[in-house]
Amino acid sequence: MLVDHINPPELAKPSGFAHATRFRDIVHLAGQTALTPEGTIVDGGIVAQFRQALANVIAALEAAGGKPQNLLSVTIYLLDIPGYQANAKEIGRLWRELVGEAYPAMAGIGVTALWQPEALVEIQAVAALGSEPA
């Protein structure tokens, strides 16, 4: 059985990883920060970075043949949990705008650093293609 490695052109070129890997109907989505296609982290704080990171996850998922409603689990790595919590309403609005009302299993984890020093958030996910929420 082969694993498909998926690297959509609208995301920054990966080095040493794939943006998504697909085996049958399961898609593992690499951790995405607020990296632009040009290779820089967006300005604007946690809300702007959350939007870009989530958009990057969705772009990788769509390139693998999925849609946001196929998300099974999402892990959000955060440098500043209180900052994220303080902006929870705006982040929730962004979630509904980009993903809809589907809420997969989720975890928020505080970390001391991410790969890009200016990144505040990283989002990693798993999806099952062909699945629809109940």
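Applying the condition of being at pLDDT 95 or above and among the aromatic types (Phe, Trp, Tyr) to region 63-104 and asking which residue is farthest from GLN124 (Cα to Cα) yields TYR84. Cβ-Cβ distances below 9 Å connect the following pairs, each with a first residue in region 9-24 that is within 11 Å of ASN56 (Cα to Cα), a second residue that is in a loop (DSSP other than H, G, I, E, B) and open to solvent by 90 Å² or more (accessible area, probe 1.4 Å), and a separation of six or more residues or different chains: ALA12/GLU38. Scanning region 119-134 for residues that are open to solvent by less than 50 Å² (accessible area, probe 1.4 Å) and not polar (S, T, N, Q) turns up ALA119, VAL121, GLU122, ILE123, ALA125, VAL126, ALA127, ALA128, LEU129. Please work out which residue is nearest to the chain's Cα centre (by Cα), limiting yourself to region 78-134 and to residues that are of a type in the set (Ser, Thr, Tyr) and under 23 Å from THR40 (Cβ atoms). Out of the qualifying residues, it is TYR84. If you check ARG24 against the conditions, is it out of contact with any Pro (no Cβ under 8 Å at 6 or more places or on another chain) and closer than 15 Å to ALA127 by Cα? Spelling it out, ARG24 is indeed out of contact with any Pro (no Cβ under 8 Å at 6 or more places or on another chain) and closer than 15 Å to ALA127 by Cα.
The values are calculated or read from the model by the stated rules, or taken from the named source; none is laboratory data. Bear in mind that the values here come from a model prediction, so they are computed numbers and not experimental data. Positions of Cβ are generated from backbone atoms using ideal geometry, with glycine treated the same way; all protein chains shown enter the neighbour counts. Ligands, DNA and RNA are excluded from the accessible area calculation, which covers all protein heavy atoms including side chains. Shrake-Rupley method; radii C 1.70, N 1.55, O 1.52, S 1.80 Å.
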